[in-house]
1. Does Ala27 satisfy being buried (at least 23 other Cβ atoms within 10 Å of the Cβ), in contact (Cβ under 8 Å) with a residue 60 or more places away in the chain and part of a helix (DSSP H, G or I)?
2. For region 44-67: of the residues being in contact with a Lys or Arg (Cβ under 7 Å, 6 or more places away or on another chain) and not hydroxyl-bearing (Ser, Thr, Tyr), which is nearest to Gly22 (Cα to Cα)?
3. Residue check, Val159 against (1) closer than 28 Å to Arg50 by Cβ; (2) modelled with pLDDT of 90 or more, all met but one. Which one?
4. On the basis of being crowded, with 19+ Cβ neighbours inside 10 Å, over 17 Å from Ser14 (Cα atoms) and within 17 Å of the chain's Cα centre (by Cα), does Ala113 make the cut?
5. Against the conditions (1) of a type in the set (Asp, Glu); (2) touching an Asp or Glu at 6+ places or on another chain (Cβ under 9 Å); (3) closer than 20 Å to Glu148 by Cβ, where does Asp54 fall short? Just the number, please.
Amino acid sequence: MDTSGPTSAPPGTSVFLIGPMGSGKTAVGRLVAQLLRYRFVDSDVEIESRTGVDIPFIFEKEGEAGFRLREREVIDDLTRWPRTVVSTGGGAVLLEANREALHSRGVVVYLFASVDQQYERTRHGRHRPLLQDVDPRRRLAELMAFREPLYRGTAHVVVATDGRRVQTVADEVLAALGALGFVASAPAEPTIER
């Protein structure tokens, strides 16, 4: 675990999980939200809910650039929600506006996973547009080489996930939040999952 600020997080601060595909953001995010009694939302699921179509369809019709614009709108909105754990897509850090919104509006946790771990966790999936019609391991390595500095530059906390259970990672996330002075506050509404 690596922590690098903020020195204190006000009560009700939201938690944003970033990292590559296959790093466990959704599974860990759900559990962290449950333990904090916060609501949980996955930004990719939210995009699909708002558009009425799945992400591969958006990529097919609008390309990655079109998807990133939709993602920016959703992240701008979700980062304003109090007492929320948000799991972001692997490329959410590509836009500076997203990095700024995430870093300034909550505590950002980077879930690090090696390329080998990413490959093992994603190789059977068919819903990842960036891994279609390419050598997936090579593509994951390329994405990681470019995005890793962005993840680290955006994060307040880094937690490794390779070969670790969801509960173990979630416990480490909570310990890191505590080290930053994070204080959970009771949700204003029941925890919801979208």
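The values are calculated or read from the model by the stated rules, or taken from the named source; none is laboratory data. Bear in mind the structure is a predicted one, so any value in this text is a computation, not a measurement. Virtual Cβ from ideal backbone geometry, glycine too; neighbours counted across all protein chains shown.
1. no
2. Here is the first cut: in region 44-67, the residues in contact with a Lys or Arg (Cβ under 7 Å, 6 or more places away or on another chain) are 45-47, 49, 51, 58.
Okay, now just the ones that are also not hydroxyl-bearing (Ser, Thr, Tyr), so 45-47, 58.
Numbers: Val45: 16, Glu46: 18, Ile47: 19, Ile58: 21 Å.
Restricting to residues being in contact with a Lys or Arg (Cβ under 7 Å, 6 or more places away or on another chain) and not hydroxyl-bearing (Ser, Thr, Tyr), the top hit is Val45.
3. (1)
4. Working: crowded, with 19+ Cβ neighbours inside 10 Å: yes; over 17 Å from Ser14 (Cα atoms): yes; within 17 Å of the chain's Cα centre (by Cα): yes.
It is true that Ala113 is crowded, with 19+ Cβ neighbours inside 10 Å, over 17 Å from Ser14 (Cα atoms) and within 17 Å of the chain's Cα centre (by Cα).
5. Just one mismatch for Asp54, condition (3).
So that you can scan it fast, the table gives a plain yes or no per residue for (1) buried (at least 22 other Cβ atoms within 10 Å of the Cβ); (2) touching a Ser or Thr at 6+ places or on another chain (Cβ under 7 Å):
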{"residue": "Ala33", "(1), (2)": "yes, yes"}
{"residue": "Leu36", "(1), (2)": "yes, no"}
{"residue": "Arg50", "(1), (2)": "no, no"}
{"residue": "Arg72", "(1), (2)": "no, no"}
{"residue": "Ile75", "(1), (2)": "yes, yes"}
{"residue": "Val86", "(1), (2)": "yes, yes"}
